[in-house]
């Protein structure tokens, strides 16, 4: 109605008033008010009248709100009382509901903590958003390959040529021995450009950030390292010896910003320029990639535009391959690989598992409360007869569910506190329960959502009972809509079976990796970096150790052969007979002593390994692996000349393929040069009396270098470390799966208990008529087994797809055998039957007279 | 029977006095006239509906009129029950006032 035309009161105010009023008096009262309004309007004008009208609205509001609050409180109180009574009466069901939800919520909290931790990497750096790491992307007919290391000239050139780029830092860390007086430790020494300090917001505890790395022989230590060497002394101006190369002067003590980081760890830092005097590296070089490079953009720079601009800067230096510079944001380093994929997958996988467990918990609640709806039917009927609307009933049952969810949330907090230390060990994290408002709010929200979600269906079901039938005593068929419950149980088990298959596949894959012959003997081989005095007299050191019966052999390598340190790209590799079309994207390079073959138990496919008996081998020999020979297309490789970078040699032998990386990656072509960059010692032990052998080694080194402390590792351990991510995933998935099954079984147990209870009389009659106990157990179990079998059919295709995706990330993977699927299905069935059988047996063994006594 | 409250008594009397013309506004005005105080228009609906619930008043609907926005008036009438209640109050009032010593009223 248009108020101006009719001169009536404001429509909005009228609407509010009619809402606030008792429906019975509204007509008369509103009419009166309007009449008064018009009288006012006629006497004092419409503005006064409107004021009057609105003041009436204002006067009505407080009372109305008071009423609302009062009655809702009363109703809520009633709801709580009823809910509590119900929970007390049905302890098992309540325990199942609360327990299942609590486990689901606890899972969610743990996983959310983990996810939050993973997402928090590198966020401690104030400039994190502006920092990008550079990768090189090689595209060739041989496929696409990413290289994480860049040529030395790239960073400085970018910083100089592009105004959007504030700084570039080249970074590399090495494991070197650092000596002060008689103290010698292996330290991770980073070689980086001084711009590092600004880019990563390093704090200087002592020393001057501008000049700390101004001179090449300067060194900056972290606070912890400084304490180790100097205790309470003032470290500034002191000297430490780097390997046996030179004395470095300590010019600063630094502290990195706190928080998790993807930056490689380091204990000390030296100017990047040291590469040149130390090893004669050409720092203007555009071709050989050796160094990690970080750039920092101006805050207002458009990262996308910059990345397009700099993509092509390396291309002029490469003629026969396509190379692009790729910028990868620092904040994505942890979870996203530059090639796509990465840890983010596991963030999704774990979150999904946690949600699935919670979902199963919610399903339990839906299932059990609807199954038992007949028990509440009378209550619903009475409430309806007394005038409760459907909405009120829905609200009542929802509040019940939410109450339960809040109870579960309280329990979940306790569970999390209990499980967190264990979870931390499992995930190799240092998580703590956060107590800030945001987290608590988020947790409460999740709990409320879980309560509402699980309460929604039962609320609508329960409130739909027609009151007349119930109150007249017509038995209520709770089986009427049991298809919904069946769907719930089937999906619970489908989820469980899916997770069982997942964890079985992970187990098989890891066992496969562990069991696969690597082609190289890594057990009982210890490794440590070579320090100065020993490397000078290595031959005598080696001979003395090899004389001992517990030592198989002593050899030097460029890097522990569980990871490949050096990779050459297509153009760096040349060989006799190479044609223009031959391009090999990645070519591993390794250096070692002749004793390498003996220590690592390598097998030769052709020719021989380096041998001291053929002095020519050591000056002009190279050994390839089978993959290299195949990829280079050499029919008779022996005697062919091969060159990589500035190393060259004639092929004297071909070694059978062996793995130097995890089985995630395919075996690369590999060339082994004698004596190339060998600064790491590997000592093969027989495996007997290892402590004796190790103390012998330490004593022997001390003869050359007094005060030496042996810090060594075993190669098989180092290999295990490389599989640590998979191991952690295995453990977490295992636990998630177990919990999911446990919660699903809780629900099944409740449902079985309910079914058995409902059919008490039927069972008693059957028994009297001669049914056997076995027959009755079968009768009660048959339904459930059918559901589980159906769940299998749903879970299998989904699991098959997911497992294939995961396995395809491994170059070498176990086949996806149907046994896994059958096993998972059988396992779920057995678990389900065991759960149900307790109730079935109890029902079947009961004396029928007890059940029928009152009939 | 429970005694009427003062406000109920006043409103019932107003309705009785107004006879067939007792509806929201007129009652409110009558009450204001009788007590000498201005009343918020909303203030009488609570007691009115309470009296209605107690069956002391009954309502009838008038014709919808335009000045009321097309709504009809709700007229209130005393039920026999209501009449008895007034009579009772009147008797009680007479009794409690009758045997009181002469009050010296303070002049304000």
In the stretch A:22-54, which residue that is within 13 Å of chain B (Cβ to nearest Cβ) and exposed (fewer than 14 other Cβ atoms within 10 Å of the Cβ) is farthest from residue B:22 (Cα to Cα)?
A:42
When the residues of the stretch B:68-81 are filtered to those that are more than 21 Å from residue B:30 (Cα to Cα) and in a helix (DSSP H, G or I), which remaining residue is farthest from the other protein chains (Cβ to nearest Cβ)?
B:80
Could you tell me which numbered condition residue A:516 fails, if it satisfies all but one of (1) surrounded by fewer than 22 Cβ atoms within 10 Å (Cβ to Cβ); (2) modelled with pLDDT of 85 or more; (3) closer than 27 Å to residue A:809 by Cβ?
(2)
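Report whether or not residue A:403 is closer than 30 Å to residue A:289 by Cβ and in contact (Cβ under 8 Å) with a residue 24 or more places away in the chain. Let's see the steps before the verdict.
Working: closer than 30 Å to residue A:289 by Cβ: no; in contact (Cβ under 8 Å) with a residue 24 or more places away in the chain: yes.
It is false that residue A:403 is closer than 30 Å to residue A:289 by Cβ and in contact (Cβ under 8 Å) with a residue 24 or more places away in the chain.
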The strands (runs of 3 or more DSSP E) lying wholly within the stretch A:500-601 that contain at least 2 residues that are in contact (Cβ under 8 Å) with a residue 12 or more places away in the chain and closer than 28 Å to residue A:314 by Cβ are A:566-568, A:573-575, A:587-592
Residue A:177: passes all of (1) touching a residue at least 24 places away in the same chain (Cβ under 8 Å); (2) surrounded by fewer than 20 Cβ atoms within 10 Å (Cβ to Cβ) but (2)
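Would you mind listing the strands (runs of 3 or more DSSP E) fully within the stretch A:603-645 where at least 3 residues are more than 16 Å from residue A:668 (Cβ to Cβ)? Can you show your working first?
Numbers: elements: A:604-607, A:621-625, A:641-644.
Of the strands (runs of 3 or more DSSP E) lying wholly inside the stretch A:603-645, those with at least 3 residues that are more than 16 Å from residue A:668 (Cβ to Cβ) span A:604-607.
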Select from the stretch A:55-64 the residues that are farther than 26 Å from residue B:58 by Cα, touching a helix residue (DSSP H, G or I) at 6+ places or on another chain (Cβ under 9 Å) and more than 9 Å from chain B (Cβ to nearest Cβ) and list them in ascending order.
A:57, A:61
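Could you tell me whether residue A:83 is modelled with pLDDT of 90 or more, buried (at least 18 other Cβ atoms within 10 Å of the Cβ), touching a helix residue (DSSP H, G or I) at 6+ places or on another chain (Cβ under 7 Å) and away from chain B (no Cβ under 14 Å)? Steps first, please.
Details: modelled with pLDDT of 90 or more: no; buried (at least 18 other Cβ atoms within 10 Å of the Cβ): yes; touching a helix residue (DSSP H, G or I) at 6+ places or on another chain (Cβ under 7 Å): yes; away from chain B (no Cβ under 14 Å): yes.
No.
Filter the stretch A:623-649 for residues that are in contact with a helix residue (DSSP H, G or I) (Cβ under 6 Å, 6 or more places away or on another chain) and over 30 Å from residue A:533 (Cβ atoms); which is surrounded by the most Cβ atoms within 10 Å (Cβ to Cβ)? Step through it out loud before you land on a result.
Within the stretch A:623-649, the subset in contact with a helix residue (DSSP H, G or I) (Cβ under 6 Å, 6 or more places away or on another chain) is A:637, A:644-645, A:649.
This time we only want the ones that are over 30 Å from residue A:533 (Cβ atoms), so: A:637, A:644.
Values: A:637: 27, A:644: 20.
Selected residue: A:637.
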Of the conditions (1) surrounded by fewer than 16 Cβ atoms within 10 Å (Cβ to Cβ); (2) within 14 Å of chain A (Cβ to nearest Cβ); (3) assigned to a helix (DSSP H, G or I), residue B:96 satisfies every one except a single condition; which number is it?
(2)
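Condition test on residue A:296, is it buried (at least 17 other Cβ atoms within 10 Å of the Cβ) and farther than 21 Å from residue A:152 by Cα?
Numbers: buried (at least 17 other Cβ atoms within 10 Å of the Cβ): yes; farther than 21 Å from residue A:152 by Cα: no.
For residue A:296, the condition - buried (at least 17 other Cβ atoms within 10 Å of the Cβ) and farther than 21 Å from residue A:152 by Cα - is not met.
Can you name every one of the strands (runs of 3 or more DSSP E) wholly within the stretch A:203-291 that holds 2 or more residues which are surrounded by fewer than 16 Cβ atoms within 10 Å (Cβ to Cβ) and either in the same structural domain as residue A:134 (by TED's automatic domain parsing) or touching a residue at least 12 places away in the same chain (Cβ under 8 Å) (or both)?
Values: elements: A:203-207, A:218-222, A:239-242, A:246-255, A:268-271.
Filter on the stretch A:203-291 gives A:203-207, A:246-255.
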Restricting the search to the stretch A:319-337, which residues are assigned to a loop (DSSP other than H, G, I, E, B) and closer than 23 Å to residue A:287 by Cα?
A:319, A:320, A:321
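Here are A:449, A:432: which of them is part of a loop (DSSP other than H, G, I, E, B), in the same structural domain as residue A:742 (by TED's automatic domain parsing) and on the phi < 0 side of the Ramachandran plot? Step through it out loud before you land on a result.
Values: A:449 fails: part of a loop (DSSP other than H, G, I, E, B).
After ruling out the rest, the residue left standing is A:432.
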If you check B:62, B:24, which single one turns out to be surrounded by 13 or more Cβ atoms within 10 Å (Cβ to Cβ), touching a strand residue (DSSP E or B) at 6+ places or on another chain (Cβ under 9 Å), within 10 Å of another protein chain (Cβ to nearest Cβ) and within 21 Å of residue A:55 (Cα to Cα)?
B:24
Spot the failing condition for residue A:70; the list is (1) within 12 Å of chain B (Cβ to nearest Cβ); (2) out of contact with any helix residue (DSSP H, G or I) (no Cβ under 7 Å at 6 or more places or on another chain), and only one is missed.
(1)
Output the number of the condition that residue A:92 fails; it satisfies all remaining conditions of (1) surrounded by 14 or more Cβ atoms within 10 Å (Cβ to Cβ); (2) away from chain B (no Cβ under 11 Å).
(1)
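Results for (1) touching a helix residue (DSSP H, G or I) at 6+ places or on another chain (Cβ under 7 Å); (2) in contact (Cβ under 8 Å) with a residue 12 or more places away in the chain; (3) within 30 Å of residue A:507 (Cβ to Cβ), shown as yes or no for each residue.
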site: A:767; (1), (2), (3): yes, yes, no
site: A:772; (1), (2), (3): no, no, no
site: A:782; (1), (2), (3): no, no, no
site: A:791; (1), (2), (3): yes, yes, yes
site: A:796; (1), (2), (3): yes, yes, yes
site: A:801; (1), (2), (3): no, no, yes
site: A:835; (1), (2), (3): yes, yes, yes
site: A:843; (1), (2), (3): yes, yes, no
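The values are calculated or read from the model by the stated rules, or taken from the named source; none is laboratory data. Please read all numbers here as calculations on a predicted model, not as lab measurements. FYI the Cβ positions are ideal-geometry reconstructions off the backbone, even for glycines, and counts take in every protein chain you see.
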